[in-house]
Amino acid sequence: AAADPTAPPVPAVQPPPDLDAAPAPPARAPARPQPKPAKPAVAPQSPAPPAVPERKPGVLTPDERRDRLAAVTPPPGFTTEWSGGAAVLSTAHNEIARGRADRQRVAVTFDCHHDDQYIDRLLELLRHQQVHATFFLSGQFAGKYPDCVRRIAAAGHEIGNHSHTHPHFQALSDAAVLAEMEAAEKAILPLAGTAYRPYFRPPFGERDVRVLRLLIQHGFLPVYWTVDTLDWQTGATAEAILDRVKKGGTVPGAIVLSHGGSEATMEAVPRMLNLLRGANLQPGTLSALCGPE
């Protein structure tokens, strides 16, 4: 029969409850956040005192070396790594290979390691020319010829560090590099006094960024050269020395390297100094080249 449209709707039949189902867990109230335990109070600490450089008998501290070089102005691009944080750009940026070009000066330098045969003659030539130079001495030279070192200093010349035994620095460990420099300083310092400057000239000209960085961090200032006279070569002549100086040393800021043990240099020195003066250049020390007017 057809459904009566006027009849009330029949309610939906709910399924019987499942008597075997586990009862629903009772609703839990949200957990209250627990307060975080208070941090124990920490007493304010005073900053640690700066580290005091180790004092080694007979040698300067790094800061004392820097004090002796405070007036030296390295050329543009020099990377100072005394604090250990500056970037290394290239070898040339971590040493002085040429002085300031804004003044008419040239540095005259002499390396001494083997003997003192010509030193008194050289000192007399420089005295006669009224020129002060920079001598780079090895520690062994200073130990063997102490009176010679005293005479160099007494004549008004400055004295730099050329290592103790004249080794190949790139083959040495960091500790051995520092030991070489400190042994030389210990030998030179009591003889040279205030004439000593912690400049470093590498034996054989051999160095790399590791060696330069290490020495700069310890207060030494590496110095190379603009022109090598090659007076150490067998058969060197005064004419050959002068020719090399003409080609590379007659420019403002040049650093001329010669050796105190070369007979050819003794002949060349007066003419070399006249050559530099003829180019309107004033020969002198490294500190005069790189320091204040």
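Key figures for this structure:
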quantity	calculated
Residue in the range 149-169 that is open to solvent by less than 40 Å² (accessible area, probe 1.4 Å), closer than 20 Å to Asp115 by Cα, of a type in the set (Gly, Ala, Ser) and in a helix (DSSP H, G or I) present	yes
Answer from Trp225, Trp232 - the residue that is open to solvent by 10 Å² or more (accessible area, probe 1.4 Å), within 25 Å of the chain's Cα centre (by Cα) and within 27 Å of Leu178 (Cα to Cα)	Trp225
Test: residue in the range 151-158 that is in contact with a Lys or Arg (Cβ under 8 Å, 6 or more places away or on another chain), farther than 19 Å from Gly219 by Cβ and at pLDDT 95 or above	yes
Selected residue (criterion: most open to solvent (accessible area, probe 1.4 Å)) from residues of the range 245-267 that are of a type in the set (A, V, I, L, M, F, W, C) and touching a residue at least 40 places away in the same chain (Cβ under 8 Å)	Val251
Any chance Pro270 is open to solvent by 30 Å² or more (accessible area, probe 1.4 Å) and either among the charged types (D, E, K, R) or not in a loop (DSSP other than H, G, I, E, B) (or both)	yes
Hey, Leu137 of a type in the set (A, V, I, L, M), modelled with pLDDT of 95 or more and in contact with a Gly (Cβ under 8 Å, 6 or more places away or on another chain) or not	yes
Residue pairs meeting the criteria (Cβ under 7 Å; at least 6 apart or on separate chains; first in contact (Cβ under 8 Å) with a residue 40 or more places away in the chain and over 19 Å from Leu289 (Cβ atoms), in the range 194-206; second open to solvent by less than 10 Å² (accessible area, probe 1.4 Å) and not in a strand (DSSP E or B))	Pro203/His162; Pro203/Ser163; Pro203/Phe169
Residues of the range 171-212 that turn out to be open to solvent by 40 Å² or more (accessible area, probe 1.4 Å) and modelled with pLDDT of 95 or more, as a count	10
Condition check for Gly253: outside any helix (DSSP H, G or I) and in contact with a His (Cβ under 8 Å, 6 or more places away or on another chain)	no
Among the residues listed as Arg244, Arg201, the single one being more than 26 Å from the chain's Cα centre (by Cα) and under 30 Å from Met181 (Cβ atoms)	Arg244
Some residue of the range 124-132 being in contact with a Cys (Cβ under 9 Å, 6 or more places away or on another chain), at pLDDT 95 or above and either open to solvent by less than 40 Å² (accessible area, probe 1.4 Å) or within 19 Å of Thr285 (Cβ to Cβ) (or both)	no
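The values are calculated or read from the model by the stated rules, or taken from the named source; none is laboratory data. Bear in mind that the values here come from a model prediction, so they are computed numbers and not experimental data. Every residue, glycine among them, receives a Cβ derived from its backbone with ideal geometry; neighbour counts consider all protein chains shown. Just the protein is used for accessible areas: all its heavy atoms, side chains included, with ligands, DNA and RNA removed. Shrake-Rupley method; radii C 1.70, N 1.55, O 1.52, S 1.80 Å.
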